[in-house]
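Beneath this line is the structure, given in structure tokens, with notes to follow.
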Number of protein chains: 2
Amino acid sequence: MTGSNGSTAVSDQPALPKPEGLEGVVAASTALSHVFGEEGKLVYRGFDIHELAGKASFEEVAYLLWMGQLPTRGELADLLQRLGEQRPLPTQVIDVIRDLPATAAPMDALRTGVSALGASDAGQFDDVPDLDEAISLTAKFPGILAAFFRLRQGLEPVSPRSEHNTAQSYLYQLFGREPEEKHWRPSEVYLTLLADHGMNASTFTARVIASTGSDLCSAITGAVGALKGPLHGGAPSKVLDMLEDIGSAENVDRWLTEALDRGDRLMGFGHRVYKAEDPRAEILRGMAAEASTPDFFELSRRTEERALAMLQERKPDRRLYTNVEFYSAAVLSAVGLPGDMFTPTFAVSRVAGWTAHVLEQMSNNRLIRPQSEFVGPMDKKFVAIEQR
Amino acid sequence: MTGSNGSTAVSDQPALPKPEGLEGVVAASTALSHVFGEEGKLVYRGFDIHELAGKASFEEVAYLLWMGQLPTRGELADLLQRLGEQRPLPTQVIDVIRDLPATAAPMDALRTGVSALGASDAGQFDDVPDLDEAISLTAKFPGILAAFFRLRQGLEPVSPRSEHNTAQSYLYQLFGREPEEKHWRPSEVYLTLLADHGMNASTFTARVIASTGSDLCSAITGAVGALKGPLHGGAPSKVLDMLEDIGSAENVDRWLTEALDRGDRLMGFGHRVYKAEDPRAEILRGMAAEASTPDFFELSRRTEERALAMLQERKPDRRLYTNVEFYSAAVLSAVGLPGDMFTPTFAVSRVAGWTAHVLEQMSNNRLIRPQSEFVGPMDKKFVAIEQR
């Protein structure tokens with residue numbers, strides 16, 4: 001910052017070492033889920049994701065993450081009832097969402113709504129995080145997003161119906177009509193697949209915040225902010241942008257060749273941990289085949305096949321595979337969601353995992369407070385401003 | 001969760017290993033600040049905190065953290081002008097704060113206000129975090145808190161005056177009258193002392209969120225949530241509670257003896273990193289001597305001396321020293337702040353360091369994504385609900 005030219009460069013920064021980003025460093029132990037990156041395997045509480053996908057409901061998966069085992073019929077009925085009871089939002093939260101401009105990013109609205117929930121006199125989120133709070137927050141996520149989605153279109157929020165499951169309720173509150181099975185079923189599979197994923201950046205954020213003894217809404221507000229980042233959850237709409245830009249299956253080869261020649265990054269491939277196909281991508285591919293139009297699925301499939309072949313040819317050492325974002329785009333657009341609601345919908349699923357991680361952290365808590373390596377100068381002496 | 005009895009216990013959790021909380025693990029390199037725990041030394045950008053305390057203004061310290069060097073006279077005047085220009089809050093943010101109940105915790109209101117700022121159409125916080133955003137956010141923190149502080153008393157927020165410095169503006173916006181020098185000077189020293197502190201939990205939270213490519217308000221919203229935790233920044237009001245409960249210097253010995261006999265934790269002593277006196281405690285002791293009433297200072301001093309002696313006697317291996325919270329209580333209550341505004345005032349200072357850390361993270365970014373150790377079961381097979 002020199003003079004009043006509004007320069008935004010940070011000057012006088014010493015050269016920092018290449019950051020490791022805690023890669024490979026074990027930050028916590030967890031019994032919730034694990035990503036076996038080399039094998040392309042995801043496990044929730046002992047269940048390979050293939051054991052659960054399409055068989056377990058989202059509520060069964062949430063119960064599994066929270067409680068460590070699948071619910072009995074009575075336990076599941078009880079959970080569905082409690083979710084239904086907890087869905088309505090406090091008036092204060094709706095008022096806050098109403099104050100936000102229609103141009104706000106839905107993730108900003110979600111983050112603000114969750115924070116406002118923690119500040120509201122619902123009186124539920126002041127104490128040590130517990131299962132009741134996890135259920136309440138998971139129940140309210142769809143409604144916060146749906147309220148913003150409707151208000152930005154000039155529509156009033158829709159009150160939830162207690163007989164809906166989570167996937168049904170989300171679509172009902174978004175669109176204001178009974179969801180068709182061909183829409184809510186793929187949405188539910190999506191919700192089960194994204195519900196947890198080891199020690200990713202947003203989950204880690206939630207655990208760091210919770211480790212200070214802060215409340216559940218603080219932890220989850222932070223997690224929403226982290227998920228927003230394009231290096232974490234904030235990029236699936238870019239897959240849709242890419243597919244829409246390609247336009248049709250016959251354009252795929254030319255479009256991809258030009259993009260790679262320009263050095264552009266192809267969206268929907270590669271992952272920090274997976275060095276094999278993301279198992280969620282495989283399941284979502286099947287969902288996309290069911291839910292998308294034949295043309296859009298053909299476009300997606302062709303793009304995937306050609307992109308993988310070209311990436312293998314051009315970057316053989318990178319081991320780039322289809323990631324979860326690629327077919328998320330097809331599934332979520334097929335059920336009627338615009339691109340800017342993709343990452344928030346990811347959060348509607350992940351809140352189950354985030355809250356389960358916070359409960360696990362609190363069951364055996366220690367403040368997460370790393371060290372830093374100091375690479376700055378030392379022994380500077382203060383000089384009065386007149387002498388500078 | 002069994003039946004509908006509202007049980008909140010998390011059952012079927014496997015025994016987790018004792019968490020290390022990343023203690024001693026280097027999570028990032030930084031040139032901003034460092035805590036030399038063994039020596040009881042805190043350095044900002046090469047300056048020992050004793051070089052800066054009482055000499056550098058809060059704005060000089062913020063500039064130092066952001067830019068790596070102390071400002072010239074012209075640069076400081078420019079920064080003060082820009083802070084003055086950036087202080088007024090968007091109407092949407094005030095509306096959001098107005099929607100919160102008067103019973104909300106000020107930290108919840110601050111977290112929600114910062115998040116709402118990121119969602120507002122101020123249009124400033126959508127891009128890659130930069131210095132303009134850091135200045136804007138630092139300028140707005142006092143106003144967000146002051147607005148809530150006044151609204152919860154049924155008073156209207158006060159518009160900031162551009163000629164004030166940060167400490168003056170904060171007190172002016174809180175109390176609606178020109179602050180006396182005997183109040184704003186100790187407040188300013190407090191703000192300089194708390195502005196950064198190595199890789200603490202809230203700073204680390206901000207860097208993890210920023211490392212995903214998310215925006216500055218997301219990162220700082222998360223940091224506010226982390227600072228709220230009693231194991232991090234959320235306990236200084238408990239020192240005040242303790243001192244008020246002791247009541248007078250002659251009660252100190254009896255009160256402390258009874259508390260320690262009961263096994264109670266004394267507030268304001270001990271720190272994860274410092275194994276010597278926190279240098280900030282020493283400086284704040286001097287400020288408290290100036291700002292407090294003689295009686296309250298005597299009570300504080302006597303409590304500190306006797307507590308240190310008793311802790312040394314009872315827990316000789318713990319190396320417990322006075323921490324920054326102890327005299328923060330005396331200084332902040334002397335300037336008229338109630339206990340529940342202590343941690344938020346900490347945030348008014350720390351936002352300078354948080355934003356500087358985010359800028360540093362973005363200057364050399366890599367996603368912070370640790371590993372976890374999986375301690376859960378494996379190879380479970382799905383059983384349909386009818387057979388469970």
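The values are calculated or read from the model by the stated rules, or taken from the named source; none is laboratory data. Since we're looking at a predicted model, the values are computed, not measured. Glycine gets a Cβ as well: all are built from the backbone with ideal geometry, and neighbour counts include every protein chain shown. For the accessible areas, the whole protein counts, side chains as well, though only heavy atoms, and no ligand, DNA or RNA atoms are used. Shrake-Rupley method; radii C 1.70, N 1.55, O 1.52, S 1.80 Å.
Listing for the model above:
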{"quantity": "Inter-chain Cβ neighbour average for residues B:95-105, partner chain, 10 Å", "calculated": "6"}
{"quantity": "Chain B: DSSP helices with Cα axial extent of at least 27 Å and average Kyte-Doolittle hydropathy no lower than -1.0", "calculated": "B:131-151, B:294-314, B:342-363"}
{"quantity": "Estimated distance in nm for a label pair at A:N364 and B:D340, the labels positioned 7 Å out from Cα along Cα-to-Cβ", "calculated": "3.6"}
{"quantity": "Apportionment of accessible area to carbon and sulfur, the protein assembly as shown, percent (1.4 Å)", "calculated": "47"}
{"quantity": "Calculated FRET value between B:D261 and B:H50, using beta carbons and R₀ = 30 Å, to 0.05", "calculated": "0.20"}
{"quantity": "10 Å binning of all Cα-Cα separations within the protein assembly as shown, expressed as whole percents from 0 upward", "calculated": "3, 14, 24, 26, 19, 10, 4, 1, 0"}
{"quantity": "10 Å Cβ shell holding at most 13 others, DSSP loop, GluC sites (Glu not before Pro): longest site-free stretch of chain A", "calculated": "A:181-388"}
{"quantity": "Chain B, closest residue to the rotation axis toward A, by beta-carbon, whole angstrom", "calculated": "B:G222, 2"}
{"quantity": "Point-charge dipole on Cβ atoms (K/R +1, D/E -1) for segment A:236-334, about Cα centre, debye to 20", "calculated": "480"}
{"quantity": "Sites B:V128 and B:E85 - FRET efficiency at Förster radius 30 Å, r taken between beta-carbons, to 0.05", "calculated": "0.90"}
{"quantity": "Pairwise label distance in nanometres, B:V26 with B:S159, each label 7 Å out on the Cα-Cβ vector", "calculated": "5.2"}
{"quantity": "Summed residue charge, Cβ within 10 Å of B:L359's Cβ, Lys/Arg positive, Asp/Glu negative", "calculated": "-3"}
{"quantity": "Amide H contacts of A:K380 (H built 1.01 Å from N, under 5 Å, at least 5 apart or other chain)", "calculated": "B:F47, B:D48"}
{"quantity": "Residue among A:G339, A:G376, A:G68 with the largest mean-square fluctuation in a Gaussian network model of chain A, springs linking Cα atoms under 10 Å", "calculated": "A:G376"}
{"quantity": "Long-range amide H partners of B:A28 with built H, under 5 Å", "calculated": "A:E373"}
{"quantity": "Net length gained if the chain between B:D253 and B:E39 were fully extended (0.36 nm per residue, minus Cα distance)", "calculated": "74.1 nm"}
{"quantity": "Modelled FRET efficiency - R0 41 Å, B:V375 with A:K381, Cβ distances, 0.05 increments", "calculated": "0.20"}
{"quantity": "Choice from A:G247, A:G198, A:G54 with maximal GNM fluctuation in chain A (Cα, 10 Å cutoff)", "calculated": "A:G247"}
{"quantity": "Peptide-level mean, for B:56-63, of C-beta atoms on other protein chains within 10 Å", "calculated": "1"}
{"quantity": "Area buried, chain B against chain A - accessible surface, total, 1.4 angstrom probe, square angstrom", "calculated": "11300"}
{"quantity": "Between segment A:313-369 and segment A:226-265, the alpha-carbon center distance in angstrom", "calculated": "18"}
